[in-house]
Amino acid sequence: MARILVIDDDPDTRAMLEQILKSAGYEVILAADGREGVERYRTKPADLVITDLYMPNQEGLETIREFRTRFPEVAIIAMSGGTDSGTMLSIAQKLGAVGILHKPFLTDELIDAVA
């Protein structure tokens, strides 16, 4: 069973993603910001990281950079629903995200990106 680390500051989004991914057969680890996500990954590595871009403490682009430096082997999907999300998601891809999701997204879009 693949393990997925979900990093998002919104508790409702984390809960929704956890429910969808667990129903699809994935093990899910949750973190509320990039700093917590990196720490959780360090103690319990995942096969995939899904991170929001706009978060307090450590935002998503910084988190992607840190994962690429410290854990270059992990796949990363960036997600955002901000007004300039297209630009931010494009930057996330340049930093090493293998996939992007524009919020709000459909369940099938999430499952396809994860697969």
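The values are calculated or read from the model by the stated rules, or taken from the named source; none is laboratory data. Keep in mind the model is a prediction, meaning the values are calculated, not measured. Cβ atoms come from the backbone with ideal geometry, glycine included; neighbour counts cover every protein chain shown. Ligands, DNA and RNA are excluded from the accessible area calculation, which covers all protein heavy atoms including side chains. Shrake-Rupley method; radii C 1.70, N 1.55, O 1.52, S 1.80 Å.
Note down all Cβ pairs under 8 Å where the first residue falls in region 76-94 and is in a strand (DSSP E or B), the second is of a type in the set (Phe, Trp, Tyr), and they're at least six residues apart or on different chains.
As it stands, the answer is ILE76/PHE67; MET79/PHE105; SER80/TYR54, since those pairs meet every condition given.
When you scan region 1-73 for strands (runs of 3 or more DSSP E) that lie fully inside it, which ones turn up with 1 or more residues that are of a type in the set (Gly, Ala, Ser)?
27-31
If only one of PHE71, PHE67 is under 19 Å from GLU39 (Cβ atoms) and open to solvent by 20 Å² or more (accessible area, probe 1.4 Å), which one is it?
Residue meeting the stated conditions: PHE71.
If we keep just the residues of region 78-95 that are under 13 Å from the mean Cα position of the chain (by Cα) and farther than 17 Å from ASP10 by Cα, which is surrounded by the fewest Cβ atoms within 10 Å (Cβ to Cβ)?
This residue is GLN93.
Among residues belonging to region 36-64 that are among the small types (Gly, Ala, Ser) and touching a residue at least 40 places away in the same chain (Cβ under 8 Å), point out the one that is surrounded by the fewest Cβ atoms within 10 Å (Cβ to Cβ).
Step one: list which residues in region 36-64 are among the small types (Gly, Ala, Ser), which gives 37, 46, 60.
Filter again for touching a residue at least 40 places away in the same chain (Cβ under 8 Å), leaving 46, 60.
Values: ALA46: 21, GLY60: 28.
Going through the qualifying residues, I end up with ALA46.
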